[in-house]
1. Can you tell me which of B:A173, B:A161 is outside any loop (DSSP other than H, G, I, E, B), more than 11 Å from chain A (Cβ to nearest Cβ) and over 30 Å from B:F221 (Cα atoms)?
2. Just for region A:81-101: of the residues that are open to solvent by less than 20 Å² (accessible area, probe 1.4 Å) and of a type in the set (A, V, I, L, M), which one is nearest to A:V121 (Cα to Cα)?
3. Can you name the residue in region B:102-112 that is modelled with pLDDT under 90 and among the charged types (D, E, K, R) and is also surrounded by the most Cβ atoms within 10 Å (Cβ to Cβ) among such residues?
4. Is it the case that region B:3-14 has a residue that's part of a helix (DSSP H, G or I), modelled with pLDDT of 95 or more and of a type in the set (K, R)?
5. Within 7 Å of another protein chain (Cβ to nearest Cβ), under 20 Å from A:D70 (Cα atoms) and open to solvent by less than 10 Å² (accessible area, probe 1.4 Å): is that true of B:V84 in this structure?
6. From the list A:P78, A:P111, A:P104, which residue is open to solvent by 60 Å² or more (accessible area, probe 1.4 Å) and part of a loop (DSSP other than H, G, I, E, B)?
7. Give region B:1-54 a look and list any residue that's closer than 20 Å to B:K92 by Cβ, of a type in the set (D, E) and within 14 Å of another protein chain (Cβ to nearest Cβ), or say none.
8. With the requirement that a residue be more than 10 Å from every other protein chain (Cβ to nearest Cβ) and either more than 18 Å from A:A139 (Cα to Cα) or touching a Gly at 6+ places or on another chain (Cβ under 9 Å) (or both), what does region A:64-89 give you?
Amino acid sequence: MGVLPQPVEELLETALVSELTVVDGSGLPVTHPLIPLYDGEVIYLTSSILFSKKLEHIKGNPKVSISISDPVAVDVEPFRRATIQGDATVDDADLHAGWERVLPLWRKKEPAIDMFLGKRVALPLFFERGVIEVRPTKAFLWANGATDRPPQVFDVVKAMA
Amino acid sequence: MKPTPELIAGLESRFEHAVIAFVDDDGYPLSVATDFRADPDRGVVILNAVAGEEVQPPEGERVNVVFSHIRPQPGIGYDERRYVSLWGPLRKVDGRLELAPDRVQGWDEQEMSFFELSERGVPQARKYLERLSEDTGREVRPRLSFGWLFLRATRLPFLTATFVPVLLGIAVAAWKDGFNWWLALLTVIGGACIHLGLNVANDVFDTQSGADEENVNPTQFSGGSRVILYGLVSMRQMALLSLAFYAVGIGIGIFLAAYSGWGLLWIGVAGALISLFYTAPPLKLVHRGLGEVCVALGFGPIMALGAYYVQTGAYDLEPLLASIPVGILIALILYLNEVPDRPADARAGKRTLPVRLSKEWVIRGYSGAVVVTFGLIAVFAITGLLVRPTIIALAAAPLALPVIRALRDSYDQPYALMPAMAKNIQLHLATGLLLILGYVIAIVADGVFDDPPSFLT
């Protein structure tokens with residue numbers, strides 16, 4: 001069992017896409033669809049430098065949220081929705097190979113990544129990637145995915161203390 | 001960019017749900033999914049209210065509403081990626097939430113390929129690397145392994161364009177006047193060096209002119225190596241690499257001229273000048289619609305005649321005639337590869353033939369050149385101007401048909417044209433190899449029979 005409630009972890013483990021929301025320099029939320037990867041403690045998302053504005057925004061403001069909302073992108077029964085808030089850091093110390101530490105988690109959700117990686121010469125900048133590491137602070141869970149009912153709220157930081 | 005009524009009208013058919021993202025009282029972003037409907041006439045999106053004090057979107061404030069879609073593909077991942085992100089003020093109306101968006105961003109991979117999206121991100125990537133370099137106090141650059149980088153920077157696979165005419169010239173020489181293997185090897189190496197020097201120089205000048213940066217639809221066959229644009233290699237390193245290739249190629253050429261006869265210099269100098277001024281100022285021949293002619297001369301008669309001269313010490317009509325079909329076909333490789341590049345080439349002032357001509361004339365030009373190529377092969381072989389077995393090169397002609405079909409069907413779709421570009425390269429390679437095989441058959445027949453039948457020589 002990880003730091004998040006089990007129904008939320010099940011979502012993170014199967015979701016093919018999530019919505020990462022960051023806060024830009026003017027204080028506005030900006031949302032990006034990304035694959036969430038989870039090791040029981042930290043949520044990882046990776047971003048190519050081609051689409052690196054989100055990395056810059058996180059460096060300016062580390063507060064982020066990740067929502068899992070798409071019924072076709074998850075494999076859980078019964079369907080549910082969740083949003084996780086957390087503090088993010090960007091690991092871009094080794095853009096070329098540093099992200100490969102999350103490759104085993106990525107491969108589970110997108111097996112075709114190995115084929116793309118084999119063609120790295122065709123897309124060299126796509127595989128220069130930063131890793132966004134999100135440490136959850138709070139989670140919201142909507143049973144059956146119905147947001148017209150209040151969510152269950154889990155205070156992750158307090159739960160870990 | 002402001003969302004159009006068409007975009008808002010299309011939301012319901014393209015997406016199943018919306019996600020409202022806002023910043024909560026603690027300063028964290030918070031995102032909540034909900035159902036929606038679009039009202040394009042009023043330019044608004046109506047979202048179902050969400051329940052719960054802690055997750056209430058702020059009324060009157062600017063929020064981000066995102067619509068996202070994928071289609072899972074078990075065992076692979078997913079496809080049909082698309083998203084639309086809207087920003088605007090949110091207000092409560094009749095128990096629902098109404099977004100009046102004033103800004104939009106998005107992507108639909110069925111409308112813009114992932115490769116194009118990636119190319120459009122290159123300036124952002126360079127900016128990120130510059131900032132990271134400033135922050136860390138060390139130069140941060142993208143990397144590729146040496147082998148892949150060399151392959152990409154030099155566009156090594158295109159060397160078939162050199163091998164075909166050089167080997168053809170050598171084959172004609174072997175038929176007429178004998179064969180010296182080490183001179184042949186040096187000729188191939190020298191020709192390859194000049195070709196690689198040209199490829200690398202082409203990247204230097206296309207980066208300088210802005211043609212590569214303008215081109216957001218490169219393919220593996222067009223749009224250059226892009227190694228300078230991507231920051232994988234510096235302009236200076238590429239310029240030095242180009243000079244090194246030219247120096248080795250010219251050095252080999254001078255040695256071969258000294259050995260075989262100074263008459264080789266005429267063709268060597270012509271080849272080097274065409275190669276250099278193909279993209280280099282002040283001539284920039286490719287910018288003036290002369291690229292195809294230069295390539296046809298350089299990778300046709302010049303290479304074949306040069307290779308023939310090295311072996312025999314003289315010029316002759318036969319290698320010249322043999323090289324004309326391969327010269328036309330290599331020009332057609334450039335011609336087709338310029339089709340997806342034409343918007344970027346036009347913006348960079350590169351007036352190639354596909355930039356100058358309409359779609360119909362580009363297709364007519366291609367088809368006509370193919371007919372001329374194989375017509376010449378037939379005439380040369382039947383009349384004995386080339387050895388008769390070279391008639392087998394006609395077998396390659398059907399490879400042109402899918403290329404013509406693709407030009408008709410996918411003229412404005414760079415990535416759909418890629419298989420046709422590959423087929424076009426095969427057309428050149430197969431025709432060249434079959435011409436060479438024709439000469440090999442004639443040489444073998446001449447060795448085997450005292451009086452070989454006329455159809456074999």
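1. B:A173
2. Out of the qualifying residues, it is A:L95.
3. Filtering region B:102-112 for residues that are modelled with pLDDT under 90 and among the charged types (D, E, K, R), the one surrounded by the most Cβ atoms within 10 Å (Cβ to Cβ) comes out as B:E109.
4. yes
5. no
6. Only one candidate passes the filter, namely A:P78.
7. Correct list: B:D24, B:D25, B:D35, B:E53, B:E54.
8. Correct list: A:E77, A:P78, A:F79, A:R80, A:T89.
The values are calculated or read from the model by the stated rules, or taken from the named source; none is laboratory data. Bear in mind that the values here come from a model prediction, so they are computed numbers and not experimental data. Neighbour counts are summed over all protein chains in view; Cβ atoms, including those assigned to glycine, are modelled from backbone coordinates with ideal geometry. Protein only, heavy atoms only, side chains kept; ligands, DNA and RNA dropped before computing areas. Shrake-Rupley method; radii C 1.70, N 1.55, O 1.52, S 1.80 Å.
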